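These notes concern the structure reproduced below.
Just so it is clear, none of the values below were taken in a lab; they were calculated from the coordinates. Quick caveat: nothing in here was measured; it's all calculated off a predicted structure. Reconstructed Cβ throughout: ideal geometry from the backbone, glycine too, with neighbour counts over all protein chains shown.
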Amino acid sequence: MEAKYLNVADAAVYLGTSVRFVRRLVAERRIAFHKFGAHVRLAVEDLETFVEASRVEPIEVRWFGGRAA
């Protein structure tokens, strides 16, 4: 399987975020990336892994007397 790599601007579009946010993720090393010389590229597979790891499951809230219990 051939990996598809995106530049930072394309990765931002893919994630639906700003370029600045993706650059911050890279700078903080919160997302996997590849460097080809001076160029930073992000694999689509790594973006999917990041999105899946960031998923927050909903909780069940029970109400009692107008308040969350």
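Exactly one of (1) in a loop (DSSP other than H, G, I, E, B); (2) under 12 Å from the mean Cα position of the chain (by Cα) is unmet by Ala12. Its number? Every condition holds for Ala12 apart from (1).
Of all residues in the range 16-53, those being surrounded by 10 or more Cβ atoms within 10 Å (Cβ to Cβ) and closer than 22 Å to Ala3 by Cβ number 24. For the range 50-69, filtering for residues that are assigned to a helix (DSSP H, G or I) and not charged (D, E, K, R) leaves 3. When Arg30 is tested against the conditions (1) assigned to a helix (DSSP H, G or I); (2) without any contact (Cβ under 8 Å) to a residue 24 or more places away in the chain, the lone failure is (1). Taking first residues from the range 48-69 that are within 30 Å of Ile31 (Cβ to Cβ) and partners that are part of a loop (DSSP other than H, G, I, E, B), the Cβ contacts under 6 Å between residues at least 6 apart in sequence or on separate chains come to Phe50/Ile31.
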